[in-house]
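Reviewing the structure listed below.
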Amino acid sequence: MYKILEKEVLSENVVKLILDNPVIAKSRKAGQFVIVKIGEKGERIPLTIADADPKNGTITLIVQKVGVSSHKLCTMNPGDLVTDLVGPLGKATEIEKVGTVIAAGGGVGIAPLYPIAKAFKEAGNRLIVVLAARNKDLIILEKEMRVFADEIVVMTDDGSYGKKGLVTAGMEEVINREKVDLAVTIGPAIMMKFVALLTQKYNIHTIASLNTIMVDGTGMCGACRISVGGQTKFVCVDGPEFDAHKVDFDEMLKRLNAYKQDEEAAYKQYLESLN
Amino acid sequence: MPVDYNELKKDRDAEWREELRKKVSAKDRSSQERIKMPERPPQVRNKDFFEVPEGFSEEQAVVEASRCLDCPTPTCISGCPVNINIPGFIKEIERREFLQAAKVLKRTNALPAVCGRVCPQESQCESKCIYNRMKKRPVAIGALERFSADYERKTGNISIPELAKNNNIKVAIVGSGPAGLTVAGEMAKLGYDVTVFEALHEFGGVLVYGIPEFRLPKEIVRTEINSLERMGVKMVKNFIVGRTSTFEELKNQGYRAFFIASGAGLPTFMKIPGENLINIYSSNEYLTRVNLMKAFRFPEYDTPIVKGKNVAVIGGGNTAMDSVRTAKRLGAERAMIVYRRSESEMPARIEEIHHAKEEGIEFLNLNNPLEYIGDANGRVKQMKVQKMGLGEPDESGRRRPQPIPGSEYLIDVDTVVVGIGTSPNPLIPAALPQLEVTKWKTVVVNEKTMQTSIPEMFAGGDIVRGGATVILAMGDGKIAAENMHLFIQENK
């Protein structure tokens, strides 16, 4: 069992949790994830480690309510225990000094982007962060990113904060203005697809970190498989980061919907059971 | 493993054994028909996940045990990868010392209730029974093993083997499947301070995520693990050696030797068009969702699974049989095996094929999938298969399947499970670049010692064999433990 030490509500459906786990806090690297399971009957869900504090032995997870499992996690409080937590899983991000890096995050994808962006800055790159969400309330970690980013561009769908428009509009403005050597993107699959299309046009190498359906997360089941450059790859062990220009996002988008109906029904039933 | 016949002779020469042998003539013993274990009716059991065979009654066990001739040179033992004293435990059953029978089993086998259920006895111990040469059916060794272990468990009088004095030397076992549990038990008996590290949230490896409840109830696995804990073995879950902590960190914590038994890894797919469509699973995923995550009880349990009406399972091994019988239990109207060879080449146990047929599984043998066709949402709706003929034997000694041109046809399916094998788990080799592996990514070991290219590391089970049986993994564990012990004693 793993204790929740702190909790912060970042937006209506997004919370930040700090958990006690000294071994993972010490061994994890930017880009890696953990598998979390709540309760004996819970499912195993992958969550990227947003941050870690090896001195205090804690890791940070940022979670959005999207279904039964994430809802349970989001409504837990300091002192509560998470049943199972294992990691770090996946390959760490290859951090290099390449010049100028755009880190483009959408919605809750900003959370896993945070440690990667920070690592690229620490490696000596010029770092421009583009944060995008539906509205102002859903922009998270802006303050934390400002600490190290050379520039932050905020985009909202409704124009309630920053500029009105999609993440790609914010990126394109930067690309038109200065030479960009690398793009890193994390967000909804559909967003990453359009980021990939944009950077392909400008021939900018782009890394996307993918969050597919997983069961064991340790390279055993193949639930997370995707096509990259025509070959089947396993996100849990070959990824989670891939060359965004080679990922078949359309296939991934379909696979993400595999259980959508069942899960929505179960979520509705669960919410009703709470009332 | 060579059989120590001198040791066996001592047991056989016991007074009670001699008396027992004299009590019934060999002729009477051999004229008794082999007793069939009762099974639940196919049309009942194929709708639930409870166990199929019901086990022997005490009377049935005693009668079956009396068939054993207690041979002076028991050839059956040479067919057992862990060298169980087979006549030794069977004769205890015959004289109704059922708890004692379990003790004899546990001297060499840490998991008798498991082996009694999932070992392919027909190709191991039972195939070496003297009765085969007499054109009679062999003694039901597997069923008797299961009886002894179950009897002990039901009485609650579960014995643990005698342990040597604690030597405070730490050893780490990576993976809690059959190989890992065997080494844990053996090393604990020798007095070591044993820790088993498991990546998943439950102990047992393939015994809990892979083998279905209807073949191996999980309660049995838990009992076996509980016995290990009573022997002082520390069990740590949610811990991936090489990731959560590195091997180096564990060495610094005092671990002197390691046994790597991290098991099967990435599923093999056929690399044919449409294989990434939704509702196409690997057997590993399908079985893990059902067995480990209890997806058949969704939404009570949070993990979902597609309960298909027309399910095709690709492959002819035990994993494919487990998958197709699971599909039937999830409510499939058609649950089909699609296999490119014929039934006589199937690697699955005969008993499993037989059970599958009884339960209404269709066998589309000599059929090979070519392509999957999806609907607008990316869900599989059809598969294109080609009929096959059999040619000359290939390198596996089985007749090679050959496509029959123009024989392609379509089958309507809404779920497909690909059960054609796995490659070894990639996490450990990735964490140990100096560890020697084959081109199939299995770990290279000295077969006599199970030692890897790193002296303090031993390995066994699927990470070495690529895909085998529970008992072969346990056999690896026996050899590895013996040699790990030698290694530590020599390097004190």
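The values are calculated or read from the model by the stated rules, or taken from the named source; none is laboratory data. From a predicted model like this one, the values you see are computed outputs, not experimental measurements. Reconstructed Cβ throughout: ideal geometry from the backbone, glycine too, with neighbour counts over all protein chains shown. Calculation scope for accessible area: heavy atoms of the full protein, side chains included, ligands and nucleic acids excluded. Shrake-Rupley method; radii C 1.70, N 1.55, O 1.52, S 1.80 Å.
Given that compact globular proteins tend to follow 2.2 N^0.38 Å, what is the ratio of the alpha-carbon Rg of the range B:267-422 to that value? Don't jump to the answer; show the numbers that get you there.
Working: Rg = 15.2 Å, N = 156, 2.2 N^0.38 = 15.0 Å.
Working it through for the range B:267-422, the quotient is 1.01.
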message: Can you give me the C-alpha center-to-center distance between the range A:199-275 and the range B:152-226, rounded to a whole angstrom?
response: 35 Å
statement: Buried by partner chains in the range A:57-90 (accessible area down by at least 40 Å² vs chain alone, 1.4 Å probe, heavy atoms, protein only) are A:Asp84, A:Val86
- request: Please sort through the DSSP H helices of chain B and keep those with an alpha-carbon extent of at least 20 Å along the long axis and a Kyte-Doolittle average not below 0.5.
  value: B:470-490
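Round to the nearest 0.05 the FRET efficiency obtained for B:Lys154 and B:Ser127 when R0 = 35 Å and r is the Cβ-Cβ distance.
The calculated FRET efficiency here is 0.75.
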query: What share of the DSSP beta bridges in chain B is antiparallel, in percent to the nearest 5?
result: 40 percent
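What is the packing order of peptides B:479-488, B:56-65, taking the mean over residues of other C-beta atoms within 10 Å and listing the highest first?
Ranked from most to least packed, the peptides come out as B:479-488, B:56-65.
Roll a 1.4 angstrom probe over the protein heavy atoms and tell me the percent of accessible area of the protein assembly as shown that is carbon or sulfur.
Working: 15810 of 31520 Å².
Here carbon and sulfur together make up 50 percent of the probe-accessible area.
Mean projection of the alpha-carbon convex hull of the range A:141-275 over all orientations, in nm²? Before the final figure, lay out the partial values.
Working: hull surface 45.0 nm².
Reported value for the Cα convex hull: 11.2 nm².
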query: With the calculation restricted to Cα positions, what are the radius of gyration and Dmax of the range B:185-243 in angstrom?
result: 12.3, 36
Per residue solvent-accessible surface (Å²) - the protein assembly as shown, probe of 1.4 Å: 41 Å²
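Just how many % of Cα pairs in the range B:147-196 lie over 18 Å apart, if you round to the nearest whole percent?
45 percent
If you take the accessible area of A alone, add that of B alone, and subtract the area of the pair, what total do you get in Å², probe 1.4 Å, to the nearest 100? Intermediate results must be reported in sequence, preceding the final value.
Working: alone 13400 and 21810 Å², together 31520 Å².
Looking at A and B, the buried total is near 3700 Å².
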field: Partner chain coverage, peptide B:371-379 - average Cβ within 10 angstrom
entry: 2
message: If you take each beta carbon of peptide B:273-286 and count the beta carbons of other chains within 10 angstrom, what is the mean?
response: 4
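Return the equivalent ellipsoid semi-axes of the range B:321-396 as a descending list in whole Å, where each equals the square root of 5 times an eigenvalue of the C-alpha gyration tensor. Please report the intermediate quantities before stating the final value.
Values: eigenvalues 108, 80, 15 Å².
Output for the range B:321-396: semi-axes of 23, 20, 9 Å.
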query: How many nm separate the modelled label positions at B:Lys9 and A:Asn56, each set 7 Å beyond the Cα in the direction of the Cβ?
result: 7.2 nm
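Once a ≥ b ≥ c are taken as the square roots of the eigenvalues of the Cα gyration tensor of chain B, is the result rounded (a/c under 1.5), prolate (a/b larger than b/c) or oblate (a/b not larger than b/c)?
Details: a/c = 1.77, a/b = 1.21, b/c = 1.46.
Verdict is oblate for chain B.
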query: In debye to the nearest 20, how big a dipole does the protein assembly as shown give about its Cα centre with +1 on each Lys and Arg Cβ and -1 on each Asp and Glu Cβ?
result: 900 debye
message: For B:Glu18, project a label point 7 Å along Cα to C-beta. Then give me every residue of the range B:56-78 with its amide nitrogen under 17 Å of that point.
response: B:70-73
query: How high is the FRET efficiency from A:Leu5 to B:Val44, r the C-beta distance, R0 41 Å, rounded to 0.05?
result: 0.20
query: Using +1 on the beta carbon of Lys and Arg, -1 on that of Asp and Glu, and nothing else charged, what's the dipole of the range B:315-442 about the Cα centre, debye to 20?
result: 160 debye
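Calculate the mean, over all residues of peptide A:42-49, of how many other protein chain Cβ atoms lie within 10 angstrom of the residue's Cβ. Before the final figure, lay out the partial values.
Numbers: counts 5, 9, 7, 2, 0, 0, 0, 0.
For this peptide, the per-residue mean of nearby foreign Cβ atoms is 3.
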- prompt: Given charges of +1 on the Cβ of Lys and Arg and -1 on the Cβ of Asp and Glu, with all other atoms neutral, how large is the dipole of the range A:2-89 about its Cα centre, in debye to the nearest 20?
  reply: 200 debye
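How do B:309-318, B:24-33 rank on mean C-beta neighbours within 10 Å, highest first? It would help to have the intermediate numbers written out before the result.
Working: B:309-318: 24.7, B:24-33: 11.8.
Ranking, from highest mean packing down: B:309-318, B:24-33.
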message: Can you find, among A:Val153, A:Ile102, A:Ile213, the residue sitting farthest towards the positive end of the charge dipole of the range A:100-256, where Lys and Arg contribute +1 and Asp and Glu -1 at Cβ?
response: A:Val153
query: To the nearest 10 Å², what's B:Glu229's accessible area with a 1.4 Å probe?
result: 90 Å²
field: Listed residues A:Arg126, A:Arg177, A:Arg225, most fluctuating in chain A (Gaussian network, C-alpha, under 10 Å)
entry: A:Arg177
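Assuming 0.36 nm per residue, please report the length gained on full extension of the stretch B:Lys237 to B:Arg137 beyond their Cα-Cα distance. Can you show the working numbers first?
On the way: separation 100, 0.36 × 100 = 36.00 nm, distance 4.36 nm.
Full extension of this stretch gives 31.6 nm more.
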- prompt: Roughly what angle does helix A:110-122 make with the longest principal axis of chain A, taking Cα atoms, 0 to 90 degrees, to the nearest 10?
  reply: 50 degrees
field: Using alpha-carbon coordinates, inclination of helix A:260-274 to the longest axis of chain A, degrees
entry: 50 degrees
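I want the antiparallel fraction of DSSP beta bridges within the protein assembly as shown, as a percent rounded to 5. Don't jump to the answer; show the numbers that get you there.
On the way: 56 of 113 bridges.
The antiparallel fraction comes to roughly 50 percent.
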- prompt: Tell me, what is the FRET efficiency for B:Glu490 and A:Asp250 to the nearest 0.05, using R0 = 60 angstrom and their Cβ-Cβ distance as r?
  reply: 0.50
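Ratio of alpha-carbon Rg to the 2.2 N^0.38 Å globular estimate for the protein assembly as shown, to two decimals, please. Write down the numbers at each step before the final one.
Working: Rg = 28.4 Å, N = 767, 2.2 N^0.38 = 27.5 Å.
Taking the Cα Rg and dividing by 2.2 N^0.38 Å, one obtains 1.03.
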- line: Farthest towards the positive end of the dipole of the protein assembly as shown, among A:Tyr259, B:Cys80, B:Met235 and with Cβ unit charges of +1 on Lys and Arg and -1 on Asp and Glu, lies the Cα of B:Cys80
- line: the range B:5-155: spread of alpha-carbon positions along the three principal axes, whole Å, largest first, is 49, 32, 27
- line: Length gained if B:Ile272 through B:Leu99 is fully extended, taking 0.36 nm per residue and subtracting the Cα-Cα distance, is 57.0 nm
